[in-house]
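The values are calculated or read from the model by the stated rules, or taken from the named source; none is laboratory data. On a predicted model such as this, the values are computed, not experimentally measured, just so you know. FYI the Cβ positions are ideal-geometry reconstructions off the backbone, even for glycines, and counts take in every protein chain you see.
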Amino acid sequence: MTDTTNQETRPRPNLLAAIHADQAARQQAADEAAAPERERFTAALARDAALFGTPGWSRLSDARRARVARYEAERSERGAA
């Protein structure tokens with residue numbers, strides 16, 4: 001049997017808090033760095049959605065129409081929530 005106590009085998013709470021804070025800061029920085037691209041992508045989806053019911057809609061690829069449909073479904077769910 002070893003002489004270690006439970007206190008010695010568990011990580012210190014302040015170390016865990018520092019790790020979690022660092023991870024949160026990194027995630028926030030990554031989110032902020034990705035924001036412009038995400039906004040451009042969302043704006044493109046909104047422009048494509050505005051084409052619905054026009055001749056331009058039929059010129060969109062099937063994949064793009066599917067992305068627009070998913071975007072509109074998510075947008076309506078957020079609006080209903």
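Some values worked out for this structure:
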{"quantity": "Members of region 14-61 that are among the basic types (Lys, Arg) and farther than 24 Å from residue 75 by Cβ", "calculated": "26"}
{"quantity": "Those residues of region 53-81 which are over 23 Å from residue 38 (Cβ atoms) and not in a helix (DSSP H, G or I), in sequence order", "calculated": "53, 54"}
{"quantity": "Scan of region 29-50 for residues that are modelled with pLDDT of 95 or more and either outside any helix (DSSP H, G or I) or among the hydroxyl-bearing types (Ser, Thr, Tyr) (or both), ordered by number", "calculated": "none"}
